Amino acid sequence: DKAEAQRAMRRLERAARALQAQLDDRDSAAQRAADDAARAADKTSRLKQQLDAVEEAERAARVARKRAERECDEARDRVSRLEKDNEKLRARLDAQRTTPVF
């Protein structure tokens with residue numbers, strides 16, 4: 001009877017160790033999952049910051065492009081005005097050359 005009780009005790013101890021090992025495995029898996037979640041959150045945060053920076057750079061580039069386009073349009077208008085003024089001056093000069101001097 002005593003031997004049977006000792007065998008039963010050993011079986012219970014083995015079962016307890018097996019259950020403890022399962023609990024330890026679950027705890028380890030939970031910790032790995034928590035670590036993975038923290039890394040994913042950090043990566044998400046970094047990617048969001050990068051996205052924000054890219055969007056800001058894109059906005060700045062759009063503003064710069066519009067300013068450059070406006071300056072280009074203004075320069076074209078100035079060139080057009082100067083070409084017209086030049087044509088008027090040439091016409092006056094040609095008119096003076098062809099007018100006889102008395």
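Here are the numbers for this structure:
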{"read-out": "Accessible surface, per residue, of the chain when the full set of protein chains is kept, probe 1.4 Å, Å²", "value": "94"}
{"read-out": "Top of A18, A61, A40 by mean-square fluctuation, Gaussian network on the chain, Cα under 10 Å", "value": "A18"}
{"read-out": "Estimated translational D of the chain in µm²/s (Stokes, Kirkwood radius over Cα pairs; 4 °C; 1.567 mPa s)", "value": "57"}
{"read-out": "Helix 2-98 axis, angle to the chain major axis (alpha carbon atoms, nearest 10°)", "value": "0"}
{"read-out": "Shape category assigned to the range 54-102 from the gyration tensor of Cα positions, a/c cut at 1.5", "value": "prolate"}
{"read-out": "Extreme residue, positive dipole direction of the chain, given options Q6, S80, A38 (C-beta unit charges)", "value": "S80"}
{"read-out": "Efficiency of FRET between K48 and R17 - r from beta-carbon atoms, R0 41 angstrom, step 0.05", "value": "0.35"}
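The values are calculated or read from the model by the stated rules, or taken from the named source; none is laboratory data. Predicted model, so just to flag it, every value in this text is computed and none were measured. Every residue, glycine among them, receives a Cβ derived from its backbone with ideal geometry; neighbour counts consider all protein chains shown. Keep in mind that these areas ignore ligands, DNA and RNA; they rest on the heavy atoms of the full protein, side chains included. Shrake-Rupley method; radii C 1.70, N 1.55, O 1.52, S 1.80 Å.
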